[in-house]
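S.K.: After the structure tokens below, expect a handful of questions from me.
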Amino acid sequence: MRNKTSKLFLSLLFPLAFIAFLWVIKFYEVLSHNSLAWYGIYPRTLRGLIGVATAPLLHADFDHLLSNTVPLLILGSIIFYFYRTIAFQVFFWVYIMTGVWVWAAARESYHIGASGILYGFVAFLFFSGVFRKDTRLLALSLFVVFIYGSTVWGILPIKDGVSWESHLLGTLAGLITSYNFRKEGPAPRKYDLGTDEENALIDVSGDQDHDSTLIEENSIQITYTLVPKKEEEPSSDSAPKQ
């Protein structure tokens, strides 16, 4: 129980620190009356290239930041809890790939906000469960889709003032990352079929007077008995019907 509590605390640590950093930046903008939106991604310009690193840290207003805060905490904690050995790599690649692709392919405007990372996290969790064929991760994937399934509309250009390119390219980054790390991360859960510390012994026939054969497979001993079948004359009921 103590180990699980410690693991949960550690999984919350980085997402909380990252979110706190986002709020510090926003408070700085408000208190200093200085907008940092110019440090967003402006596609295909040298100055806009710096936004690959800084754009996810900037938000238009507190409503924008608040809408990203809770999903970042939930999805980030899930990734750091179940994928703790590769969590930082997942975060890095989703972060960088999304930013680079937005810079290379998005429309000419300043793109800011962490929603591209969120879409990458959703895609990573869903497709990771599919690629790994792990029942726990598949259940987790269904949970993510149930909670954030409506975000699929964000990848379409149907709302003004929204960087749908960040959402679409973040989703692609999450898909590629999940495929790249499909063989790393949490190991599939193994089930022990034994009933105690000793090997299970199953007697199928219950009769110990006949010759028996002992088969050992996967550390489970199975005793079965071969009983000669009595020859009987075929009856009319058992004959093939024409």
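Taken together, the values in this text are just the output of simple stated rules run on the coordinates, not laboratory data. The shown structure was predicted, so the numbers you read here are calculated from the model rather than taken from an experiment. As a convention, Cβ positions derive from the backbone with ideal geometry for all residues, glycine included, and neighbour counts pool all protein chains shown.
S.K.: Sort 170-178, 140-148 by packing, meaning the average of other beta carbons within 10 Å per residue, with the highest value first.
M.R.: Put in order of decreasing packing, that is 170-178, 140-148.
S.K.: Between the DSSP loop rule and a limit of at most 13 other Cβ atoms within 10 Å, which trypsin sites (Lys or Arg not before Pro) in the stretch 1-59 are left?
M.R.: ARG44
S.K.: Here's another thing I want to ask about it. Once phi is turned into θ = phi - 60°, what whole-Hz ³J(HN,Hα) does the Karplus curve with 6.51, -1.76 and 1.60 give for every residue of the stretch 59-76, x standing for Gly and Pro?
M.R.: 9, 5, 7, 5, 5, 4, 5, 5, 5, 9, 5, 5, x, 4, 5, 5, 5, x
S.K.: For VAL100 and VAL24, compute 0.36 nm times the residue count separating them, minus their Cα-Cα distance, and round to one decimal in nm.
M.R.: Length difference between fully extended and current span is 24.9 nm.
S.K.: Return the FRET efficiency for the residue pair ILE74, ASN34: r is the Cβ-Cβ distance, R0 is 30 Å, and the value is rounded to the nearest 0.05.
M.R.: 0.45
S.K.: Under a Cβ-Cβ cut-off of 10 Å, what is the net charge of the residues other than ALA105 that fall near it, where Lys and Arg count +1 and Asp and Glu count -1?
M.R.: +1
S.K.: Output needed: percent of Cα pairs per 10 Å distance bin for the stretch 2-180, bins running from 0 to the one holding the longest distance.
M.R.: Whole-percent P(r) values from 0 Å outward: 10, 38, 36, 14, 2, 0.
S.K.: Strictly greater than 16 Å: what percent of every Cα pair in the stretch 32-134 meets that?
M.R.: 60
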